[in-house]
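Student: Pasting a structure below so you can have a look.
The values are calculated or read from the model by the stated rules, or taken from the named source; none is laboratory data. Keep in mind that what you see is a predicted model, and the values were worked out from it rather than measured. We place every Cβ from the backbone using ideal geometry, glycine too, and count neighbours over all the protein chains shown.
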Amino acid sequence: MGRTHRRMPAFKGSLKLSLATFALACIVVGTFSFQYYQQLQSTIRAESGGYLQELATRIGANIDRTIADNYSFLHTVSSGLHTAQVTTFSRYAAVVEAQRKGWEFQDIMLIDADGKAYASTGEPVKLDNDAYFMDAVSEGRAVISNAQMIDNEERIALSIPLENITMNGTPMVAMAAVYEPASFDETLSMSSFDGQSFSCIIDRGGTIVVRSSSPSALELGYNVLTTIGQSKPDQDDSLESMKSSMAAEGKGQIGFTIDDVRYYAVYTPIAPQNWYLLTFVPASVVNARSDMMLGATLLMCGVVTAAFAALVAFLLFTSSRNRRKLEHIAYVDDVTGGHTIQRFYDLAQQSLSATDRPRYALVYTNMEKFKVLNEQFGRRSCDDLLRMFSETIESGLRPGEYIGRQSADNFCILIEFDGEPWLRERFAEWYRIAERFLEENQPQWNLPIVEFGIFVIDNDELPFPQMIDRAKLALRESPQAIGGKIRYAVYDDEVRRLLVREKQLEDMMERAMLEGEFQVYLQPKYRLPERVVGGSEALTRWVSASEGMIFPDEFIPLFEKNGFIVTLDLHVFEEVCRTLRGWIDRGLTPPKTSVNCSRAHVKSKNFLDAYRVIADRYRIPERLIEIELTEGIVMEDSHRLIEVIEDIHEAGFDCSIDDFGSGYSSLNMIQSIPADTLKLDKIFFRNRTKDPARTRSVVQSIVSMAQALNMDTVAEGVEYEDQVDMLEEIGCDYVQGYVFARPLPIADFERLAFGEEASEEGEER
């Protein structure tokens, strides 16, 4: 007993020490574990917030791009109204209909100074009283509205100001594209954080103006800032900080409670100055695993090392899983299951950064008329098509090659470049595989035409968006066809040169017009059978002070695209009138002169008013000028053409149909066209050795028909005497071509038409 008693204090002391040590260890480990948990919880939240902010920034950028693109589109339509001098709703409806391809909105309405809105058809549109939107319209500012009732349907309107636009006598002050709020749904909807995250768009006052279709999403009209103010924020000044940041168009994050549910949220400004993107995730989703581990850690503090290790391992696993979820959102395309465009950029950059790498090309794909397929077969079926197309291409890629979806039906592909023939083979193989898949799974479908724009990468430092832009630009320049279902084009020095040249000519054209560099040449028309000058055609030559002669095939297509052709047409017409007046005043008898009229001019209903004013100013006798219209206008709108020809006759001019036979004209159609002259296209006379008997038969049929309709005939582009003989035999009235004379400066034409004496007299005067 004595030994026992002697040892008990030591035992008790040891036990106490052990217990104290254990308790201390438990306290230390528990405290450490708890602190570590809190720190880890904060880290998880910070990472989640960071990923959420990154995701919100990308969503906001997509919305910004969409809105900016649509603002640009509206400005293009507005410029077109000015250029075409559209003054009636019927013409406006036609313009809108012609631009409808590629729309993501429902209509383009006009708004007058009284705030009355009109659909593209001219029908009145009932607008809600959105004060912010209407104030911006009245003040002449570009603006996008909150969701409002337009014709009793919830819509969003994006508006730009207008100047000098009148419809049916009423001045219009704004043009507005009308959206369904659901058009933003794809961008706003997310599948991250167990499907419990959602986004919405608020105005500066905190009111929700656009919501996603997520079941968790808040309703329109809900004021988020009011709710945050009534909740317990993470910090006392969180709400004020958020308001200050929003006032300065900043971005950030905040924690707060809505209906007893704790949320983390990030806010990001987007293009409309009054809008913010707000993206939410429940705090319980972010903290769920961390909360579980806190209880587990405290209960297992007796098994210190194991509990601590388990806690750390589990939390690291949770963090890794959350990271994977967020990476999935950022890097996996929700339609195809392949790479997002951002992930494509990252992977492609790795390939381009490799030391010993092959030569790469950036390929941009486009499916023709994909929007029509979407409307016909539905979004789900078209998503299946995109998924199949993406998987088809990805399955055939080599290591270091990647594909990512940019938007809709557009993909970007980084691919090794072993020359065009090899790329053509790969394109064709992808298409064949895709076609076989459709035949087996969707036999009612036909795979649309697919376009491939190619940019061969010779500069690794060029940003990917610029590479994509160049691949797109390549498709503007006459893509080559593969088997009728595939088109491709390569961006090269020639494309770059053409684009640079177009910009150069655009920079020069206004100054060139002011300095008289656009000169009128006259090409004689020889009357048969006499073979004497019986008329002329006015043509334009650009005689640049810095570059010399610039021929029409270089600048006319550009001017037709940018609208400057209208100014040039009127310039040529006035020069012709001035020349004719000079000849008449000198007692000469001028031959009839034809003047080309562009398609852009004809689209304007009152375009002849300017021609009539100029002709009256120079007192030009009737029917001394002939207005030439191209065959293409006949095919576009024959009814409109008949109206135009009648207006031409009423204005005192003759009318001719140019380039007849170059397109798809029918002899039956031309019978209803009251033109005065039919000009046979030079295509009939380009190759005199190719089946001359057949050519003669076709030309003779056209000449006979024209004679029966009391039309004169002119054969243009004639270069050989035997062609002249044939045309004389079949009864053609005039010949125009190098066989007799090239286009001549006006002074040279005078010598040819009136003789040297008349020309010298003109020079003396």
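Student: Filtering the stretch 545-597 down to residues that are assigned to a loop (DSSP other than H, G, I, E, B) and in contact with a strand residue (DSSP E or B) (Cβ under 6 Å, 6 or more places away or on another chain), which residue is farthest from residue 519 (Cα to Cα)?
Tutor: By that ranking, first place goes to 591.
Student: Related question: Consider only pairs whose beta carbons are under 9 Å apart and that are at least six residues apart or on different chains; among these, list those whose first residue lies in the stretch 106-125 and is assigned by TED's automatic domain parsing to the domain that holds residue 157 and whose second residue is of a type in the set (Phe, Trp, Tyr) and in a strand (DSSP E or B).
Tutor: Partner pairs satisfying both residue conditions: 106/179; 109/118; 110/118; 111/118; 112/118; 124/118; 125/118.
Student: In the stretch 114-168, which residues are among the hydrophobic types (A, V, I, L, M, F, W, C) and in contact with a Pro (Cβ under 6 Å, 6 or more places away or on another chain)?
Tutor: 144, 147, 156, listed by residue number.
Student: Oh, and also: Search the stretch 681-716 for residues being of a type in the set (Asp, Glu) and under 44 Å from the mean Cα position of the chain (by Cα), and hand back the single one that is surrounded by the fewest Cβ atoms within 10 Å (Cβ to Cβ).
Tutor: The selected residue is 681.
Student: Something else now. Checking residue 332 against (1) buried (at least 16 other Cβ atoms within 10 Å of the Cβ); (2) farther than 24 Å from residue 435 by Cα; (3) among the aliphatic types (A, V, I, L, M), which single condition isn't satisfied?
Tutor: It is condition (1) that residue 332 fails.
Student: Residues in the stretch 357-373 that are surrounded by fewer than 16 Cβ atoms within 10 Å (Cβ to Cβ), modelled with pLDDT of 85 or more and among the hydrophobic types (A, V, I, L, M, F, W, C): how many?
Tutor: Qualifying residue count, the stretch 357-373: 0.
Student: Among (1) part of a helix (DSSP H, G or I); (2) in contact with a Phe, Trp or Tyr (Cβ under 7 Å, 6 or more places away or on another chain); (3) closer than 14 Å to residue 334 by Cα, where does residue 405 come up short?
Tutor: Going through (1) part of a helix (DSSP H, G or I); (2) in contact with a Phe, Trp or Tyr (Cβ under 7 Å, 6 or more places away or on another chain); (3) closer than 14 Å to residue 334 by Cα one by one, residue 405 breaks only (1).
Student: Any chance you could count how many residues in the stretch 350-383 are at negative phi, free of Cβ contacts under 8 Å to residues at least 12 places away in the same chain and not aliphatic (A, V, I, L, M)?
Tutor: Number satisfying all stated conditions: 8.
Student: How many of the residues in the stretch 513-527 are among the aliphatic types (A, V, I, L, M) and touching a strand residue (DSSP E or B) at 6+ places or on another chain (Cβ under 6 Å)?
Tutor: 2
Student: Of the numbered conditions (1) under 24 Å from residue 592 (Cα atoms); (2) under 45 Å from the mean Cα position of the chain (by Cα), residue 727 satisfies every one except a single condition; which is it?
Tutor: Going through the list (1) under 24 Å from residue 592 (Cα atoms); (2) under 45 Å from the mean Cα position of the chain (by Cα), residue 727 breaks only (2).
Student: Starting from residues that are surrounded by 16 or more Cβ atoms within 10 Å (Cβ to Cβ) and either polar (S, T, N, Q) or modelled with pLDDT under 85 (or both), keep the ones in the stretch 107-131 and report whichever is farthest from residue 157 (Cα to Cα).
Tutor: Within the stretch 107-131, the match that is farthest from residue 157 (Cα to Cα) is 120.
Student: When the residues of the stretch 610-629 are filtered to those that are in a loop (DSSP other than H, G, I, E, B) and basic (Lys, Arg), which remaining residue is farthest from residue 585 (Cα to Cα)?
Tutor: 623
Student: From the residues in the stretch 87-105 that are free of Cβ contacts under 8 Å to residues at least 40 places away in the same chain and β-branched (Val, Ile, Thr), which one is nearest to residue 601 (Cα to Cα)?
Tutor: In this case the residue turns out to be 95.
Student: In the stretch 474-513, how many residues are not in a helix (DSSP H, G or I) and not aromatic (Phe, Trp, Tyr)?
Tutor: The number of residues fulfilling the criteria is 16.
Student: Sticking with this structure for a sec: Looking at (1) of a type in the set (Asp, Glu); (2) surrounded by 17 or more Cβ atoms within 10 Å (Cβ to Cβ); (3) free of Cβ contacts under 8 Å to residues at least 12 places away in the same chain, can you tell me which one residue 537 breaks?
Tutor: Unmet condition: (3).
Student: Six or more apart or on different chains, Cβ under 8 Å: which pairs go from a residue in the stretch 154-178 that's at pLDDT below 90 to one that's surrounded by 14 or more Cβ atoms within 10 Å (Cβ to Cβ) and basic (Lys, Arg)? Could you list them?
Tutor: Between residues of the stretch 154-178 that are at pLDDT below 90 and residues that are surrounded by 14 or more Cβ atoms within 10 Å (Cβ to Cβ) and basic (Lys, Arg), the close pairs are 178/155.
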